Amino acid sequence: MAPVIIPEPSTWPAGFVPVLVDTLRSGSELDFDLHIQRAGQMVHFRDSGLVFTPREADMLKANGIDTLWVEEEGGTGYGRYLERQLDSMHDGRRDRRIRSQGPRPLCLVPQPHAGDPRRPSKENMHRAEGVVQHTVG
């Protein structure tokens, strides 16, 4: 799988945060709306509260879409989603380590950031996407 490059923040459409399609797990419920950028316009793709399906993932891949967008207000939901995925990966690694007595699992430490402590910073969202991309892919 070729690495997906996260767009530079200076290129993000005003009011939107990128969501790499590779960070979305099939079968997981997404609690944020998603948008697609087409001809410089943001087009609503799907509502929050729906399960992301393998069919959607295949359709996006077939159309060469590797980045979706969430409105900045919805970025909190995406940040929580990434944290849940990382927690799930961490728990899975811990379970395998316990069974195999192998190496210690990856330990992610939250980084402090300005603003609302419940809202992940763009930098931490960017970092989490990279972790997911390199460990899941």
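The set of residues in the stretch 72-95 that are surrounded by 12 or more Cβ atoms within 10 Å (Cβ to Cβ), farther than 17 Å from Leu20 by Cα and either in contact with a Lys or Arg (Cβ under 8 Å, 6 or more places away or on another chain) or at pLDDT below 75 (or both) comprises Ser88, Met89, His90, Arg93, Arg94.
Just to be sure before I move on: is Arg99 exposed (fewer than 11 other Cβ atoms within 10 Å of the Cβ), assigned to a helix (DSSP H, G or I) and at pLDDT below 80 in the structure I sent?
The answer is yes for Arg99.
In the stretch 23-73, which residue that is assigned to a helix (DSSP H, G or I) and not charged (D, E, K, R) is nearest to Gln85 (Cα to Cα)? Once the filter is applied, the top-ranked residue is Thr23.
Scanning the stretch 57-89 for residues that are closer than 21 Å to Pro13 by Cβ, without any contact (Cβ under 8 Å) to a residue 40 or more places away in the chain and among the acidic types (Asp, Glu) returns a single hit, Glu73.
For Ile5, which of the numbered conditions (1) in a strand (DSSP E or B); (2) loosely packed, with under 14 Cβ neighbours inside 10 Å fails to hold? (1) is the only condition that Ile5 fails. For residues that are over 15 Å from Ile36 (Cα atoms) and surrounded by 11 or more Cβ atoms within 10 Å (Cβ to Cβ), tally how many sit in the stretch 8-21. Residues in the stretch 8-21 being over 15 Å from Ile36 (Cα atoms) and surrounded by 11 or more Cβ atoms within 10 Å (Cβ to Cβ): 1 in total.
The values are calculated or read from the model by the stated rules, or taken from the named source; none is laboratory data. Please read these numbers as outputs of a predicted model, since none were measured by experiment. When we count neighbours, we look across all protein chains shown, and the Cβ atoms used for this are built from the backbone with ideal geometry, even at glycine.
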